[in-house]
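Working notes for the structure below.
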Amino acid sequence: MGVGLLGFFWFLNYKGTTIPLKELWFVLSIFILITGAYFIAKYKLQKLNNQHNNSNSNRLAEIEQLKRAGDKVRVTLENAEVKSRSYKQEIVNEGLPSRIEMLDGLYDSNRNYKTHEIQQTYIVFYKKYNGITHKFVSQATTQDANTVKRYIDRQKGVDLFIDPKKPTNYYFDFPFV
């Protein structure tokens with residue numbers, strides 16, 4: 001890419017007669033520049049994809065290790081809480097606003113402002129390890145609290161896998177996430 005960039009600027013300002021067909025060399029420099037940029041972008045995307053795949057596979061391996069060697073605790077409605085939280089998320093209009101939306105915005109700035117309420121439900125469970133009470137919170141789900149409670153009741157609980165050496169490392173086997 002550097003050679004292509006150097007050639008591009010060299011032949012852009014070249015006024016001599018020593019090199020014949022300077023336009024051909026100019027186009028060749030642009031081609032080399034584009035080829036170099038392509039290979040750099042391809043390398044960066046592959047590296048990013050590999051990092052993402054490694055982090056996912058590491059987490060999956062960690063979950064499998066917890067399932068094999070960790071403490072398995074059955075979490076039911078009697079020994080845990082199902083909690084909900086909600087927040088409002090602004091809906092962003094993609095692209096530029098239309099002329100009518102801009103005029104509406106001058107009249108009332110909240111007229112084009114839209115929000116969407118996001119509801120999340122999760123399980124909270126407390127257990128003592130080494131004399132210290134630890135709080136275990138499941139992954140959040142978009143299901144409402146009643147649906148989660150019915151699922152837990154129907155399945156007679158969900159499994160929680162805890163690393164006995166490091167209780168902050170745990171995994172809820174909860175299908176709603």
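The values are calculated or read from the model by the stated rules, or taken from the named source; none is laboratory data. All values derive from a computational prediction rather than experimental measurement. A quick note on method: Cβ atoms are made from the backbone with ideal geometry, for glycine too, and the neighbour counts reach across all protein chains shown.
Among the listed residues Lys44, Lys22, identify the single one that is modelled with pLDDT of 85 or more, of a type in the set (Lys, Arg) and not assigned by TED's automatic domain parsing to the domain that holds Thr147. Talk me through it step by step, then tell me what you get.
Numbers: Lys22 fails: modelled with pLDDT of 85 or more.
Within the list Lys44, Lys22, the selection yields Lys44.
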I need the full set of residues from the stretch 22-64 which are more than 19 Å from the chain's Cα centre (by Cα) and basic (Lys, Arg), in order please. Lys22, Lys42
Residue pairs meeting the criteria (Cβ under 7 Å; at least 6 apart or on separate chains; first in a helix (DSSP H, G or I), in the stretch 11-36; second basic (Lys, Arg)): Phe11/Lys22
Test each condition in (1) modelled with pLDDT under 80; (2) surrounded by 10 or more Cβ atoms within 10 Å (Cβ to Cβ); (3) not β-branched (Val, Ile, Thr) for Asn13 and report the one that comes out false. (2)
Single residue of Arg59, Arg74 found to be among the basic types (Lys, Arg), closer than 30 Å to Asp144 by Cα and at pLDDT 80 or above: Arg74
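The rows are residues; the columns are (1) under 16 Å from Val73 (Cβ atoms); (2) surrounded by 14 or more Cβ atoms within 10 Å (Cβ to Cβ); (3) without any contact (Cβ under 8 Å) to a residue 12 or more places away in the chain.
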{"residue": "His134", "(1), (2), (3)": "yes, yes, no"}
{"residue": "Val137", "(1), (2), (3)": "yes, no, no"}
{"residue": "Arg150", "(1), (2), (3)": "no, no, yes"}
{"residue": "Arg154", "(1), (2), (3)": "no, no, yes"}
{"residue": "Leu160", "(1), (2), (3)": "yes, yes, no"}
{"residue": "Lys166", "(1), (2), (3)": "yes, no, yes"}
{"residue": "Asn169", "(1), (2), (3)": "yes, yes, no"}
Picked from the stretch 121-177 (must be of a type in the set (A, V, I, L, M) and part of a strand (DSSP E or B)), the residue farthest from Gln89 (Cα to Cα) is Ile132
